[in-house]
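Asker: Let me begin by handing over the structure; questions about it come next.
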Amino acid sequence: MHADISYVAAFFVGLFGGVHCVGMCGGIVGALSFGLPEGVRGQPVKFLPYLAGYNAGRIASYMVAGALMGGIGMLAAHLGTVQHIRLGMQVIAGLFLVAMGLYLGGWWYGLSRVERVGTLVWRYAEPIGRRFIPVRSPGQALALGLVWGWLPCGLVYSTLIWAISSGNVWHGALIMLCFGLGTLPNLLAMGLIAGKLAAWLRLLWVRRSAGTLVIAFGIYMLVRALLA
């Protein structure tokens, strides 16, 4: 039952965190859009396979990272009392989600320091991604998404900590799959109505509403761990 709740919560964290997703990945989606052949650009039916390929690659990368983190959690659990370590990781995951909510709402930007850590990996991944630009086929878009899924992102990192707390490779991958599916509506819309969506997501009340909901999920995880 708890696993099912985690999957649903991960989906909504991705959905409500869309204000951050558009800021981080919107430029990439924009580059993908403007780099397409003229016969594809501006035509939603022809553009969708490219956008679907990019997002499929991105979510696949999230799942790989989630499986790795779940595996790390599983190994850590074998080094001590399983229940205590798992609950400890759930507390850390809850704190990260609260920090992410504060970040989304514009109340505290401490999580941006965590994103800087990811730049070490991104330094090597980013040149690989540039090889697929301009995108000329849905296959190239998929490859681009596989690389860009490793873009330093506090929201992704917060959910990966959550994946570690699952203590299971499969559950870790599923948490990241649900999270990735939650980010889809915003990024799909970003590819089709970029200007209007970006303007709407910059509204303070939208950002703070999203931040409050993510904080609520973080508090829920903390309470569940502390009362277990």
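Asker: Which of the peptides 159-167, 175-183 is most tightly packed, and how do the rest follow, going by the mean number of other Cβ atoms within 10 Å of each residue?
Answerer: Taking the mean over residues of other Cβ atoms within 10 Å, the ranking is 159-167, 175-183.
Asker: Moving on to the next point. Could you derive backbone 3J(HN,Hα) for the range 146-160 from the dihedral phi with the Karplus parameters 6.51, -1.76 and 1.60 (θ = phi - 60°), listing whole Hz in sequence and x where the residue is Gly or Pro?
Answerer: Once rounded to whole Hz, the list reads 4, 7, 6, x, 9, 4, x, 8, x, 5, 5, 5, 4, 6, 5.
Asker: How do 58-65, 127-134 rank on mean C-beta neighbours within 10 Å, highest first?
Answerer: Answer by packing, highest mean first, reads 58-65, 127-134.
Asker: Moving to a separate point now. Sort 203-210, 45-52, 139-146 by the packing proxy (mean of other Cβ within 10 Å over each peptide's residues), most packed first.
Answerer: 139-146, 45-52, 203-210
Asker: Still on this structure, I have one more. Count charges around residue 93 for me, please; just the other residues with Cβ under 11 Å from its Cβ, Lys/Arg as +1, Asp/Glu as -1.
Answerer: +2
Asker: What list do you get for 157, 220, 124 if you sort them by fewest beta carbons within 10 Å?
Answerer: Ascending number of Cβ neighbours within 10 Å: 124, 220, 157.
Asker: Each residue of the range 207-218 in order: what ³J(HN,Hα) in whole Hz does its phi give by Karplus 6.51 cos²θ - 1.76 cosθ + 1.60, θ = phi - 60°, with x for Gly and Pro?
Answerer: My calculation for the range 207-218 gives 4, 6, 5, 4, x, 4, 5, 5, 4, 4, 5, x Hz in order.
Every number here is computed from the coordinates shown, using simple stated rules; none is lab data. Predicted model only: the values in this text are computed from it and were never measured. Positions of Cβ are backbone-derived with ideal geometry, glycine not excepted, and every protein chain shown enters the neighbour counts.
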